[in-house]
1. In Å, what is the Rg of the alpha-carbon atoms in segment B:181-284, and how long is Dmax?
2. Averaged over all directions, how much area does the convex hull of the C-alpha atoms of segment B:82-215 cover when projected, in nm²?
3. List the trypsin sites (Lys or Arg not before Pro) within segment B:2-84 that DSSP assigns to loop and that have no more than 16 neighbouring Cβ atoms inside 10 Å.
4. I need two numbers for chain B: Rg to one decimal and Dmax as a whole number, Cα atoms only, in Å.
5. If I fit a long axis through the Cα atoms of helix B:75-106 and take the longest principal axis of the Cα atoms of chain B, what angle between them do I get, 0 to 90°, rounded to 10?
6. Output needed: percent of Cα pairs per 10 Å distance bin for segment B:3-72, bins running from 0 to the one holding the longest distance.
7. Under the rule of at least 5 residues apart or a separate chain, name every residue whose amide H is placed under 5 Å from the amide H of B:M71.
8. May I ask which residue of B:A13, B:G254, B:I63 lies farthest towards the positive end of the charge dipole of chain B, with charges of +1 (Lys, Arg) and -1 (Asp, Glu) on Cβ and the Cα centre as origin?
Amino acid sequence: MKISNRLFPYVLTLPALLVCVGILIPFFTSVYYSLLRYNLKMPYMKGFIWFDNYISIFSDASFWNTIRVSLTYTFFTVIIELVLGLGIALLLAKRNFINNLLGVLLVLPLMIAPALASLIWRLLINPNFGVVNYMLSFVGVTDFRWASHPDSVMFTLIMIDVWVFTPFIMILLLAGLRALPRQPFEAAELDGVPEYYKFFRITLPMLFPYILTACLFRMLESIQQFDIIYALSQGGPGESSMAFQVSAYLQTFQYTNIGKAAAMMVVLWAICYFLCFIFVRQWHKLKEKTRGVS
Amino acid sequence: MKPYLWSLFKFLAYIAIIVFFLFPILWIFSMSFQTNDTILQKVPSIFFTPTFKNYIGLWEGEISIEGFATMYVFFKQNLINSLILSVFSVLVTLILGVPAAYAFARYKFKGGEDIAFTLLSFRFAPALLIIIPLNLYFTKIGLYDSYFALVWVYQLITLPLLLWIVRGYFEDISVDIENAYRLDGHSWLKSFFYISIPLARPGIAASALLCFIYAWNNFVFALILGSSSIQPVTVGALAFITASAIPYGLIACGIVVSVLPTLILALFIQKYLVQGLSLGAVKG
């Protein structure tokens with residue numbers, strides 16, 4: 001009975017563990033592939049080449065372009081979503097009918113599949129009948145090229161990402177704002193502290209764990225964004241929106257170069273693992289904090 | 001800043017937020033009730049006589065366009081696929097995830113936290129890293145293009161989600177209730193099914209629905225691991241928009257039908273959404 005008691009939790013987690021293992025196998029396969037010369041079109045060339053794939057991608061200008069595209073995308077989406085999300089959360093912080101209703105409605109874009117969100121915007125910015133183009137014509141912008149021009153495709157993608165994921169940051173920060181203790185604000189009120197001082201010295205510091213967790217979460221997703229980009233521009237025009245996963249996808253299915261694609265994915269995984277490591281620590285802190293308060 | 005200026009600024013901010021975030025949804029919705037005649041007008045039409053032609057066409061699989069022949073569309077199958085994949089993914093996740101979540105919440109056991117965090121890290125692993133080898137494996141063992149394989153891969157997103165949210169709900173239940181019930185001579189199994197699960201039920205239900213939404217919204221797994229016969233609406237809609245000559249109203253209609261289920265579910269679980277989206281870290 002004693003032994004079975006000790007084993008019991010393992011029995012309960014066993015099925016989940018098996019799924020775990022089922023995922024670790026392809027993961028290690030990928031790492032292995034990244035050390036192979038492996039092109040589906042040339043199976044006879046298959047062979048172990050150590051780090052040649054890594055050397056080849058790092059000496060390839062298009063890989064550095066991919067890194068630049070992914071980092072630009074991540075940087076701008078997270079910054080804009082944070083500023084907008086925080087702004088909206090502050091605007092909706094007070095509980096009343098309109099704010100509560102908006103709090104519910106604004107979550108809707110987040111619940112739309114990112115790939116479908118891209119398609120929605122594709123219909124809105126269509127050069128023939130797009131309603132956004134029509135609206136822009138009133139402010140004098142007549143031929144904005146959106147996804148079909150290398151200079152504006154990034155802007156379009158970031159706009160769609162912001163549309164989908166700002167609600168994510170907004171909803172977390174809103175919950176954080178509403179959970180803040182009242183006392184420091186009341187004390188500041190009594191002392192006649194100016195509003196901006198209250199914001200920068202009380203609200204922001206107390207909200208910081210929420211902000212950090214939300215941002216890390218978004219960074220992790222943004223740097224791997226595939227759905228939005230693939231559904232809008234498939235990396236184009238040219239290579240102007242060739243983010244990590246889109247590039248690896250094309251490398252696999254267009255050029256059938258499995259080894260190179262795997263090497264790219266391992267690089268992305270290393271970045272994500274690093275971010276994930278920081279994220280989990282922050283997230284855990286926040287979890288303990290919110291559970292301690294309640 | 002003067003108070004009235006501040007109010008004006010706030011009012012404009014509200015308008016801007018509503019327009020940017022909600023107008024696209026409304027516009028697509030209105031497009032789905034139009035034919036190409038009204039959509040393609042130079043000045044976008046707000047007033048038009050709504051037609052259900054698109055919805056009927058989508059359901060029946062064929063639509064006749066004036067001046068053209070009849071067109072066949074296969075979107076209904078995508079909808080059915082989405083439903084099958086999401087429902088079975090959630091069911092499997094529930095069976096695998098709820099007992100595991102309970103174990104992580106109740107027992108301190110060696111390696112427990114490590115396993116839990118490994119599962120969490122899957123949520124953030126690049127999807128293609130795992131799918132590319134899986135694609136080759138599945139092709140080799142004949143699992144490519146099967147619901148079974150896709151449901152299994154979907155666990156990658158749904159299982160960590162459910163595990164970590166439900167774990168939080170189990171942690172909130174006092175151990176004493178379970179112990180008291182078990183002192184009466186009831187087995188662990190009975191206390192699990194009659195005490196723990198019913199007490200955590202709202203949380204489990206909400207996270208199951210959130211898992212459903214995430215499964216429904218997934219795009220990349222089915223894009224790579226399935227052919228068009230088992231692909232869900234997310235992939236189907238993309239094929240739809242890139243195919244030529246499909247009326248724009250019909251495309252909009254397909255998008256509306258694809259996003260409507262998740263939007264409605266989101267309204268049902270909005271009380272639990274914060275806790276779900278933060279994987280159980282923040283309470284709404």
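1. Radius of gyration, then largest Cα-Cα span, for segment B:181-284: 19.9, 70 Å.
2. About 9.3 nm², averaged over all directions.
3. B:K42
4. For chain B, the Cα-based Rg and Dmax read 23.7, 78 Å.
5. Relative to chain B, helix B:75-106 is tipped by roughly 20 degrees.
6. 16, 33, 25, 14, 8, 4, 0
7. Those lying under 5 Å, H to H, from B:M71 are B:I63, B:S64, B:I65.
8. In chain B, that residue is B:A13.
None of the figures in this text is laboratory data; all of them are computed from the coordinates on show. Computed from a prediction, not measured in an experiment: that's the story for all the values here. Every residue, glycine among them, receives a Cβ derived from its backbone with ideal geometry; neighbour counts consider all protein chains shown.
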